[in-house]
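A.B. asks: Take this structure, written in structure tokens, and hold onto it; I'll ask about it next.
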Amino acid sequence: MDAENLYQEAITTFRALLDDATRAGDPEPTATTLSTVRANGRVASRMVLLKAVDERGFAFYTNYQSAKAEQIAAHPQAALCFLWKTLRGGSGVQVRVEGNIELTTATESDAYFASRARDSQIGAWASAQSQTLPSREAFYERIAEFEKKFEGGPVPRPPHWGGYRLVPDLIEFWYGQRARLHERDRYELRDGRWSKRMLYP
Ligand SMILES: Cc1cc2nc3c(=O)[nH]c(=O)nc-3n(C[C@H](O)[C@H](O)[C@H](O)COP(=O)(O)O)c2cc1C
């Protein structure tokens, strides 16, 4: 298989597993751990929801003034880690993705923001994500403020809210097997060419 088709194979495999996990009743199949690096080199992880995946990469949405955004600005690289425990008869499948991070286009961010529930849209305006919140009331007041501001009309996308896309240079599938004979398939981009190899589990 040539190098470009290997990348297609990895993306197709990812999508098929995500579909399988969804069908198998995984409670949050798009949930993934996102790891980023602080300016001082220390790693930070948190969950996000994957909102799109295709040959361009893996897209998620967040606040562009959050701690993670600050970290991405300092180091535009990240890692994702998915776990679908319901697959392979309960032994699970893990997918690790690493690569560079870029912004989604404003058009993409607008389209996704417009598809969100109104409460979530208001929340994106009201939440100064990762900043100190003096009291819950302060947050409720901001929600009420933006509900009033946008009353009777559409909620536009806040300028500080949008997407990132992780452009992969590594995708690894870990398939759980009985008796610990787990399988690992690693796809890697090196010197502009994708390769695939197995790893000891
Ligand atoms: C299951 C789950 C999904 C989440 N999805 C998102 C998401 O898609 N975008 C987001 O900004 N935060 C999401 N969060 C909240 C983040 O984990 C995190 O608390 C927030 O983004 C602030 O992180 P930061 O301070 O490192 O920037 C999610 C949390 C959980 C538990």
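A.B. asks: Let me spell it out: the conditions are (1) closer than 23 Å to Tyr175 by Cβ; (2) surrounded by 17 or more Cβ atoms within 10 Å (Cβ to Cβ); (3) in contact with an Asp or Glu (Cβ under 9 Å, 6 or more places away or on another chain), and Ala78 meets all of them except one. Which number is the exception?
C.D. replies: (1)
A.B. asks: Now for a different question. Give the residues of segment 14-60 that are among the β-branched types (Val, Ile, Thr) and under 22 Å from Tyr175 (Cα atoms), sorted by residue number.
C.D. replies: Thr22, Thr30, Thr32, Thr33, Val53
A.B. asks: Working carefully through the options Gln129, Gln94, find the one that is within 23 Å of Tyr7 (Cα to Cα) and open to solvent by 20 Å² or more (accessible area, probe 1.4 Å).
C.D. replies: Within the list Gln129, Gln94, the selection yields Gln94.
A.B. asks: Only one of (1) open to solvent by 40 Å² or more (accessible area, probe 1.4 Å); (2) touching a residue at least 24 places away in the same chain (Cβ under 8 Å) is not met by Ala124, so which one is it?
C.D. replies: (1)
A.B. asks: Of all residues in segment 69-108, how many are farther than 17 Å from Arg15 by Cα and touching a Lys or Arg at 6+ places or on another chain (Cβ under 6 Å)?
C.D. replies: Residues flagged as farther than 17 Å from Arg15 by Cα and touching a Lys or Arg at 6+ places or on another chain (Cβ under 6 Å) within segment 69-108 amount to 3.
A.B. asks: Any chance you could count how many residues in segment 93-113 are closer than 27 Å to Glu183 by Cβ, of a type in the set (A, V, I, L, M, F, W, C) and within 14 Å of the chain's Cα centre (by Cα)?
C.D. replies: Number satisfying all stated conditions: 2.
A.B. asks: Can you find a residue that is in contact with a Leu (Cβ under 9 Å, 6 or more places away or on another chain) and at pLDDT 95 or above anywhere in segment 108-122?
C.D. replies: Yes, segment 108-122 contains a residue that is in contact with a Leu (Cβ under 9 Å, 6 or more places away or on another chain) and at pLDDT 95 or above.
A.B. asks: Let me ask another. Anything in segment 170-201 that is under 18 Å from the mean Cα position of the chain (by Cα) and either surrounded by 17 or more Cβ atoms within 10 Å (Cβ to Cβ) or modelled with pLDDT under 95 (or both)? List them, or say none.
C.D. replies: Ile171, Glu172, Phe173
A.B. asks: Would you list the strands (runs of 3 or more DSSP E) that sit entirely within segment 1-114 and hold 1 or more residues that are within 11 Å of the ligand (Cβ to nearest atom)?
C.D. replies: Answer list for segment 1-114: 31-37, 43-49, 57-63.
A.B. asks: Okay, moving on. I need the full set of residues from segment 1-32 which are surrounded by fewer than 16 Cβ atoms within 10 Å (Cβ to Cβ) and in contact with a Leu (Cβ under 7 Å, 6 or more places away or on another chain), in order please.
C.D. replies: Selection gives Ala24, Ala31.
The values are calculated or read from the model by the stated rules, or taken from the named source; none is laboratory data. Keep in mind that this is a model prediction, so the values were computed, not measured. Using ideal geometry, Cβ is built from the backbone for each residue, glycine included, and neighbour counts are taken over all protein chains shown. For accessibility, only protein heavy atoms count, side chains too; no ligands or nucleic acids. Shrake-Rupley method; radii C 1.70, N 1.55, O 1.52, S 1.80 Å.
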